[in-house]
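Q: Just passing along the structure, written as structure tokens.
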Amino acid sequence: MSKKKQEQAKKAYEFFVKHERPEETVGDPLKFYIQKEVIEYSQSKALMRIQEGITKRALRIIEIPAPALALDIGMGCGFASTFLRLNHYRTVGIDINQLFLTYYQISELNPVLADMRQFAFRPAYFDFIISISAVQWILAEKNSNLRKKYIQQFIEMCSFVLKPYGKVIIQFYPRSDDVMKEFGGIISDMNLFTGNFIIDNAETPKKRRIFLYLEKKE
């Protein structure tokens, strides 16, 4: 690819979100997702449709057939896990917020109250990990040392609970290219996974979807 085309391709993926998001203004998801927010989120048909579409796309990327065992990190009220189960995947979901986990009767999704930075399952247990609209809460940590620590903890735990060559698919909302570069750089330095970012509709902010696809090394 010529230098000019490389620059054009680079610019196509440059972005910066101007408005502030809850993870940046509040910081702690438990302080933002209080009962009122949980009810609004859980009853939103629009969010349900959006997460179903994102989950469909995530499954196309990782190409792991049912009945594989999935860990849904940051499962919320279970939109993604429910879609997985309806498509014959086995699921376990974790979330830090008890209000989400008890809003619906989702015992068949195996919900577990846990922090994505520190969760415990048997080693080499899951076939793949999926996370929809959750990881940006880690990436929004303002203290750079803590942010790096949280990312490392998250990636280490993902590697620990995945089978050899297991896969991770993360859809998230980074603020900018710099956030993506930092996230990808920390993961690369840890040398536990191979992978890449996948950006759908890169030039259309309202339709843009950013995924991180990872495959565990042996």
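Just so you know, all these numbers are worked out from the coordinates, no wet-lab data involved. Note that this is a predicted model, so its numbers are computed, not measured. Quick reminder, even Gly has a Cβ in these numbers, built from the backbone with ideal geometry, and neighbours come from all protein chains shown.
Q: If you average the sequence gap of Cα pairs under 8 Å that are 6 or more apart and divide by the length of the stretch 106-196, what percent do you get for the contact order?
A: 37
Q: Rounded to whole Å, give me the distance from the Cα center of the stretch 43-66 to that of the stretch 149-188.
A: First find each Cα centre; the distance between them is then 19 Å.
Q: Let me ask you something else. Ranking 165, 173, 125 by Cβ neighbours within 10 Å, fewest first, what do you get?
A: 165, 125, 173
Q: Between 98, 152, 35, where does the largest GNM mean-square fluctuation fall for the chain, given springs only between Cα atoms within less than 10 Å?
A: 35
Q: Can you tell me the dipole magnitude for the chain around its Cα centre, using point charges on the Cβ only (Lys, Arg +1; Asp, Glu -1), in Debye to the nearest 20?
A: 620
Q: Out of residues 5 or more away from residue 162 or on other chains, whose amide H comes under 5 Å of its own, with H placed 1.01 Å from N in the peptide plane?
A: Under 5 Å from the amide H of residue 162 lie the amide H atoms of 124, 125, 126, each far enough along the sequence or on another chain.
Q: Tell me the label-point distance for the pair residue 144, residue 201, using the 7 Å Cα-to-Cβ offset, in nm and rounded to one decimal.
A: 3.4
Q: If one computes P(r) from the Cα atoms of the stretch 17-216, what percent of pairs lie at distances over 20 Å?
A: That fraction is 54 percent.
Q: If R0 is 30 Å, what FRET efficiency do you get for residue 181 and residue 118 from their C-beta distance, rounded to 0.05?
A: Efficiency, from the Cβ-Cβ distance: 0.75.
Q: Please compute the length gained on full extension between residue 87 and residue 37, using 0.36 nm multiplied by the number of residues separating them and subtracting their Cα-Cα distance.
A: Going from the current span to full extension adds 15.2 nm.
Q: For the chain, what's the relative contact order in percent, using C-alpha pairs closer than 8 Å and at least 6 residues apart?
A: The normalised contact order for the chain reaches 20 percent.
Q: What full-extension length gain, to one decimal in nm, is calculated for residue 15 and residue 163 as 0.36 nm per residue of separation minus the Cα-Cα distance?
A: Contour length minus the Cα-Cα distance gives 49.8 nm.
Q: Same structure again: Sum -39500 (n - 2.57) across every DSSP H segment of at least 4 residues in the chain, then divide by the residue count to get the 222 nm mean residue ellipticity, nearest 500.
A: -12500 deg cm²/dmol
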